[in-house]
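This report refers to the structure that appears directly beneath it.
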Amino acid sequence: MVDFHEVRLPDDIERNARGGPAFKTSVSLLASGKEKRLRKWTQPLGGWNIGYGIQKWAELEDVIAFHYSKMGRGFGFRFKDWSDYTMLRQEIGIGNDVLVDFQIFKRYSDGTFFFDRTLEKIVSSTIQVWVNNVEFFDPADFSIDINTAIITLVVAAPDTELVEAACEFDVPVRFREDELSINAQSFANGSIPKINLDIIRV
């Protein structure tokens, strides 16, 4: 993607950011008093305020440089959500003797209902793959596009055999504003700057 940079902010700034993924649901109150809900997004968006992670002048300078390099909202980049950045070993597909490409997703479940979140930005060198409980290795057995989170097997998985994966992942984001509004004196006096990031679809 030409308007996306495969880099991310310093870890300490990301670690203290506040926010997270969000859904969009329209709720209408019917004449009976019951609610009608329309779930408008199949995948979450949302965002973070990274101002809480900026504690030092050097960190502020890093964010200013980052904002310049992204030309405000002009380019997306990676963000590490420290509250949710790992996917433990789980099933991502079932072989059929033909299929070689598998999209990585993370499943969230309450034990009865579940939601599958499509992942897009895999952290390099963290991916692990198993087929029929046998670990596969890159590049002998598979390849991974870390920017789309698609695994491609060298040989199609046999029929009915489970394909599983584990990894760390980032979230694609951009600055919410083209303008970076920071008051140096207020920051020196302990004021937290408001610098928002929004999740984007890539």
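Within the bounds of region 23-37, is there any residue that is surrounded by 12 or more Cβ atoms within 10 Å (Cβ to Cβ) and either within 18 Å of Asn196 (Cα to Cα) or assigned by TED's automatic domain parsing to the domain that holds Gln185 (or both)? Within region 23-37, one or more residues are surrounded by 12 or more Cβ atoms within 10 Å (Cβ to Cβ) and either within 18 Å of Asn196 (Cα to Cα) or assigned by TED's automatic domain parsing to the domain that holds Gln185 (or both).
Is at least one residue of region 148-168 closer than 30 Å to Asp101 by Cβ, touching a Lys or Arg at 6+ places or on another chain (Cβ under 6 Å) and touching a residue at least 60 places away in the same chain (Cβ under 8 Å)? Break it down into steps so the answer makes sense when it comes.
Within region 148-168, the first condition is being closer than 30 Å to Asp101 by Cβ, and the residues that meet it are 148-168.
In the following step, the residues that additionally are touching a Lys or Arg at 6+ places or on another chain (Cβ under 6 Å) were identified as 164, 166.
Still in the list and also touching a residue at least 60 places away in the same chain (Cβ under 8 Å): 164, 166.
Yes; the residues of region 148-168 include at least one that is closer than 30 Å to Asp101 by Cβ, touching a Lys or Arg at 6+ places or on another chain (Cβ under 6 Å) and touching a residue at least 60 places away in the same chain (Cβ under 8 Å).
The residues of region 119-137 that are modelled with pLDDT under 95 and either touching an Asp or Glu at 6+ places or on another chain (Cβ under 7 Å) or surrounded by 14 or more Cβ atoms within 10 Å (Cβ to Cβ) (or both) amount to a single one, Glu120. In this structure, does Ile50 turn out to be under 14 Å from Ile199 (Cβ atoms) and in contact with a helix residue (DSSP H, G or I) (Cβ under 7 Å, 6 or more places away or on another chain)? Answer is yes for this residue.
Take region 93-130 and flag every residue that is basic (Lys, Arg) and free of Cβ contacts under 8 Å to residues at least 24 places away in the same chain.
So in region 93-130, the residues basic (Lys, Arg) come out as 106-107, 117, 121.
Of everything in region 93-130, just one residue is basic (Lys, Arg) and free of Cβ contacts under 8 Å to residues at least 24 places away in the same chain, namely Arg107.
Condition check for Gly51 on (1) surrounded by 13 or more Cβ atoms within 10 Å (Cβ to Cβ); (2) over 22 Å from the mean Cα position of the chain (by Cα): one failure, at (2).
I'm trying to understand the selection: among the residues of region 83-96, which are within 12 Å of the chain's Cα centre (by Cα), part of a strand (DSSP E or B) and surrounded by fewer than 14 Cβ atoms within 10 Å (Cβ to Cβ)? Before the answer, list the steps.
We begin by selecting, within region 83-96, every residue within 12 Å of the chain's Cα centre (by Cα); these are 83-87.
Keeping just the survivors that are part of a strand (DSSP E or B) gives 86-87.
Thr86, the sole residue that qualifies.
Find the residue count for region 97-137, including only residues that are part of a strand (DSSP E or B) and more than 22 Å from the chain's Cα centre (by Cα).
Residues flagged as part of a strand (DSSP E or B) and more than 22 Å from the chain's Cα centre (by Cα) within region 97-137 amount to 5.
Can you tell me which residues in region 158-202 are closer than 30 Å to Phe137 by Cβ and either part of a loop (DSSP other than H, G, I, E, B) or out of contact with any Asp or Glu (no Cβ under 9 Å at 6 or more places or on another chain) (or both)? Steps first, please.
Filtering region 158-202 for residues closer than 30 Å to Phe137 by Cβ gives 158-172, 202.
Correct list: Pro158, Asp159, Thr160, Glu161, Ala166, Cys167, Glu168, Val202.
The values are calculated or read from the model by the stated rules, or taken from the named source; none is laboratory data. Quick caveat, the model's predicted, so the values are computed rather than measured. Glycine gets a Cβ as well: all are built from the backbone with ideal geometry, and neighbour counts include every protein chain shown.
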